[in-house]
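Novice: So that we are looking at the same thing, I have put the structure below in structure tokens.
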Amino acid sequence: MKRKRKIVILAHCILNVNSKVEGLATYSGALKSLVTDYINKDYGIIQLPCPETTFCGLQRWGMSRNQYDHPNYRRHCREILIPVVDQIRLYKKSGYAIEEIVCVNGSPSCGLDFSFEGFTGGLVNSEAANPDVVRKVQKNGVFIDELAKLLKEQGLKVIYKAIDEKKQLNKFSLNINGRRHTWCC
Ligand code: SF4
């Protein structure tokens, strides 16, 4: 069968919600409507790695963008992104269309249009960890920031899109331990 030669790149948790911070999942496995839409349109799918799981594991706390904006985390993001950027370059060189990269708005790592800042560290039950201190900022996530830099360095152009995680959080009225959490991951 003739292949369509078009590829979409999805943030890891769009295909595997199990990578999210415990308690923050808004679907049970994969984001079916989005994924099946791409499958039905004959896209091949590349799954980005989840930088927070590979850096902090599955028992991590939800953190804000300013907390993840650390040189070592940025280095980690670049390291795990290099094989992905290599693939993008190879596919493009061979005439494949990398149609778009789908990010997760609201995420401190994978956000595109916005993420959240505010936590300053300290004890988990302290005021510094109160979700009310977290505010929306018009910044991309640290991981997407590094991906964009790597692609630019290589002269590779892609279209970025994002699912709106915040809308999903509102929709599902997420509430953990009596507190409303407004960030994702
Ligand atoms: S949005 Fe969060 S859970 Fe999803 S892939 Fe990015 S870092 Fe991982």
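Novice: For Val124 and Val17, calculate 0.36 nm times their separation in residues minus their Cα-Cα distance, and state this gained length in nm to one decimal.
Specialist: Contour length minus Cα-Cα distance gives 36.1 nm.
Novice: Turning to a different aspect of this structure: Give me, ordered by chain and number, the residues 5 or more places off Phe116 or on other chains with an amide H under 5 Å from its own placed amide H.
Specialist: Amide H to amide H, under 5 Å and 5 or more residues apart or across chains, Phe116 pairs with Arg65, Val137.
Novice: Quick one: plug the Kirkwood hydrodynamic radius of the chain (C-alpha pairs) into Stokes-Einstein at 25 °C, 0.890 mPa s, and report D in µm²/s.
Specialist: 144 µm²/s
Novice: Then there is this: Neighbouring Cβ atoms within 10 Å as the yardstick, rank Arg5, Arg65 fewest first.
Specialist: Arg5, Arg65
Novice: Give the Kirkwood hydrodynamic radius (Å, one decimal) of the stretch 1-70, defined as one over the mean of 1/r across all pairs of different Cα atoms.
Specialist: Across the stretch 1-70, the inverse of the average 1/r is 13.7 Å.
Novice: Quick one: which residues, 5+ away or cross-chain, put their amide H under 5 Å from the amide H of Tyr160? H built at 1.01 Å from N.
Specialist: Sorted by chain and number, the residues that satisfy this are Ile101.
Novice: What is the set of long-range amide H partners of Lys6 at a cut-off below 5 Å, with H atoms built 1.01 Å from backbone N?
Specialist: Residues meeting the criterion, in which the H sits 1.01 Å from N, are Gly44, Ala97.
Novice: Taking 0.36 nm per intervening residue step and subtracting the Cα-Cα distance, what contour gain separates Arg75 from Leu58 on full extension?
Specialist: 4.1 nm
Novice: Taking only DSSP H segments of four or more residues, each worth -39500 (n - 2.57), what value at 222 nm results for the chain once the sum is divided by all its residues, to the nearest 500 deg cm²/dmol?
Specialist: Rounded to the nearest 500, it is -10500 deg cm²/dmol.
Novice: Would you work out the charge dipole size for the stretch 1-145 about its Cα centre, treating the Cβ of every Lys and Arg as +1 and the Cβ of every Asp and Glu as -1, and quote it to the nearest 20 debye?
Specialist: Dipole of the stretch 1-145, to the nearest 20 debye: 780 debye.
Novice: Still on this model: State the answer as a single residue: which of Val102, Gln154, Leu90 lies farthest towards the positive end of the charge dipole of the chain, with beta carbon charges of +1 for Lys and Arg and -1 for Asp and Glu, about the Cα centre.
Specialist: Going by the charge dipole, the pick is Leu90.
Novice: Hey, for a label at Ile45 modelled as a point 7 Å past Cα toward Cβ, could you say which residues of the stretch 10-29 have their backbone N under 15 Å away?
Specialist: Counting only backbone N, you get 10-19, 27-29.
Novice: Find the centroid of the Cα atoms in the stretch 128-148 and in the stretch 1-27, then give the distance between the two in whole Å.
Specialist: Comparing the Cα centres of the stretch 128-148 and the stretch 1-27, I get a distance of 21 Å.
Novice: Taking only Cα atoms, what is the 0 to 90° angle, nearest 10, from helix 71-93's long axis to the longest principal axis of the chain?
Specialist: Helix 71-93 sits roughly 20 degrees off the main axis of the chain.
Each reported figure results from applying straightforward, stated rules to the coordinates on display, with no laboratory input. Source: prediction; values computed, not measured. Every residue, glycine among them, receives a Cβ derived from its backbone with ideal geometry; neighbour counts consider all protein chains shown.
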